[in-house]
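Written out below as structure tokens is the structure these notes cover.
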Amino acid sequence: MATFFRSANLASRVFDRQFLSPRPGATVNTVRQFYENLVPSYTICDIDCPDYSFRKFTDDGNYLVAFSRNHQDLIVYRPIWPTFSCNELCDSHDLPPKAKKFDSFFKQLYSISLASSNEYICKDFFLYMERHQFGLFATSTAQSNDTSATEGAIHGVPSIEKITFYLVRLDDGAILDEKAFRNDFINLAHSIGAYLYEDLLCIVSLRYQTIHVLQIRDSGNLVEVRKIGAFCQEDDELFLHSHGQKERGQPLAYLSFGWLDLPMWQRRLEERGGGSCGDVGGGDVGGGDNGDDGAARGVSFLPGIKQRLLSFIFRKTWNEESDQTLRVQHLKKKFYFHFQDYVDLIIWKVQFLDRHHLFIKFGSVDGGVSRSTEQNLAFFAVYNMETTDIISLYQNSSEELYSLFEYFYDHFHTNPQNSSHGNFISSHSNNVHALDQLRTIKNKANSTSQFVKKMMASLPYTCQSQSPSPYFDLSLFRYDEKLISAIDRHRHCTEHPIKFISVKQPNVVKFKIKPGSDSGASDSRAKRISSFLFHPFFPLALSIQQTYMQPTVVNLHFRR
């Protein structure tokens, strides 16, 4: 790919493209080399634009999504290119005043109200279904930390009175369907609590530990096809009810080979000197009393997904020791001693690996609602929705999982929607420059275990969280990833422009991005953050600087 073009001159490259053919499967990567010559070369500082909160460009480049400052309205623009004429050579003149306005680059399609008076649009939440040009948005009421105990709710997880997801056709702004959750908690920040895969959408209820799997129909309807949490199969509730009538007084748990009679296991452990299930953290599940008290506890089951997790850990621990005498001691040390810790795990985050498998992150309650989870103990499970089995389980310090992360990272953020732009996001599993960066960071780390935990904190992958812009292609450009990257996050502002340097010519700065005012008169003591919105294929970008108690400054960068 590096030797396809014999010259760095744009005109010469056009001629080369006419006479030469790239290798099979390398056409898009070859065409992307043109962006070394097609870069944003001009900046309009503090452009005259509406006072909106700009969210992102859609991955097909057709729309720019924005929200009103009061978080009530959705505004959608279509990118256009400015046209103007000059009496003389245009390159020798500055742009006319009309061409420096926001309306010269973007055409407003519509503005619609999504949120009611006591609800607000979550400005960080947006998912795009490219095939139908559907957009998924979320609104919510204020979060409440002082919540009363509710059956099935996890203690310590806050509550939101109402969360509503809206499916909007971006072409005309029609609201096609909506899905509401009441007195629940879903992590809407950066779309963490939802994942879109083809026409399947999963939404994670942290408060009630339920994974809602919905299908987005061609008609624009949101249809719930599966709920995973308390029950894994549709007939689980019926089975438990009928089984409880027959075995009332015998607490059961779905562990290794089906529904196990825990009092029986308790007696076996006591006979072999292994203590009781209750002594090693079995809690109510491990109780063995009969009578009314046992009957009451007999109908109190762990959630289905938690039982699948315990079943997998139990089988794994069982198979680690072949000697029957030592197996009981091994189970006590590795399984029953940590039983309550396993029971206390909650679902943090979920993503699709394909249409049948989910990648689920389990951890403590505190880690599920905090922003930083690097230091918390966590487990990653691959769950088959059809068989309701957990196929594999890894701890967040697992070297095996890190190897999969390093060499097969693209499988974690697979984009099955056939996007011609989203499939070429640079990662350490498809780009040698990104891999070199990752290994350099690993070699500098003081602790391998802490480094692995830090890397695993990014899993499961956050849906549509990276820009497909070619200017973030690490085969073409180098830049300071502390200041700017393809990941959709706010950054601390810098006084100096951000340089994009050519990979092939390390001493050549191809272009610069400077957020904030051109005058440089801003107060250096004030905390300033910036965000960057790059068009997926045009040489066009927005840099947005926000300073406390000051107006937002929007700069527009484009190729003139």
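Remark: the GLU400-ASN430 segment gains 8.9 nm on full extension, using 0.36 nm per residue and subtracting the alpha carbon distance. With each label modelled as a point 7 angstrom along the Cα→C-beta vector, the LEU20-HIS357 pair spans 3.9 nm.
Computed with a 1.4 Å probe over protein heavy atoms only, the accessible area of ARG491 comes to about 40 Å². Straightening the chain between LYS333 and GLU481 buys 48.8 nm, computed as 0.36 nm per residue apart minus the Cα-Cα spacing. With Cα atoms as the point set, the radius of gyration and Dmax of the stretch 22-83 evaluate to 16.7, 51 Å. What's the center-to-center distance, using Cα atoms, between the stretch 173-214 and the stretch 335-363 in Å? Centre-to-centre distance over Cα atoms comes out at 18 Å. With a ≥ b ≥ c taken as the square roots of the eigenvalues of the C-alpha gyration tensor of the stretch 96-137, please select rounded if a/c is under 1.5 and otherwise prolate if a/b is larger than b/c or oblate if it is not? Oblate is the answer for the stretch 96-137, as a/c is 1.5 or above yet b/c matches or exceeds a/b. Placing dummy labels 7 Å off each Cα toward the beta-carbon, the span from ASP366 to HIS155 is 1.6 nm.
The residue among ALA115, PHE57, ILE44 whose Cα reaches farthest toward the positive pole of the charge dipole of the stretch 7-127, with charges on the beta-carbon of Lys, Arg, Asp and Glu, is PHE57.
Rolling a 1.4 Å probe across the protein heavy atoms gives the stretch 110-212 an accessible surface of 39 Å² per residue.
Pairs exceeding a 22 Å alpha-carbon distance, out of LYS123/LYS510; LYS444/LYS482; LYS107/LYS499; LYS454/LYS499; LYS334/LYS442: LYS123/LYS510; LYS107/LYS499; LYS454/LYS499; LYS334/LYS442. Once backbone amide H atoms are built at 1.01 Å from N, SER465 has no partners under 5 Å, excluding neighbours fewer than 5 places away on the same chain. For MET129, the solvent-accessible surface computed with a 1.4 Å probe is close to 10 Å², ligands and nucleic acids excluded.
Residues TYR77, TYR342, TYR407, TYR208 ordered from highest to lowest accessible area at a 1.4 Å probe: TYR407, TYR208, TYR342, TYR77. Working from label points 7 Å from Cα in the Cα-to-Cβ sense, the ILE501 to ASP94 distance is 3.2 nm.
Cα convex hull, the stretch 421-517: 137 Å³ per residue, rounded to a whole number.
Computed 3J(HN,Hα) for the stretch 219-235, one whole-Hz value per residue from the Karplus formula 6.51 cos²θ - 1.76 cosθ + 1.60 where θ = phi - 60°, is 6, x, 9, 9, 10, 6, 10, 6, 10, 10, x, 4, 10, 9, 10, 5, 9, glycine and proline marked x.
Taking the square roots of five times each eigenvalue of the Cα gyration tensor of the stretch 96-239, the equivalent ellipsoid has semi-axes of 33, 20, 12 Å, listed largest first.
The listed residues LEU176, LEU167 rank as LEU176, LEU167 when sorted by accessible area, largest first, using a 1.4 Å probe.
The values are calculated or read from the model by the stated rules, or taken from the named source; none is laboratory data. All figures in this text were calculated on a predicted structure; none of them were measured in a lab. Cβ sites come from the backbone with ideal geometry, for glycine too, and all protein chains shown count toward neighbours. Heads up: the accessible areas ignore ligands, DNA and RNA and are worked out on the full protein's heavy atoms, side chains in. Shrake-Rupley method; radii C 1.70, N 1.55, O 1.52, S 1.80 Å.
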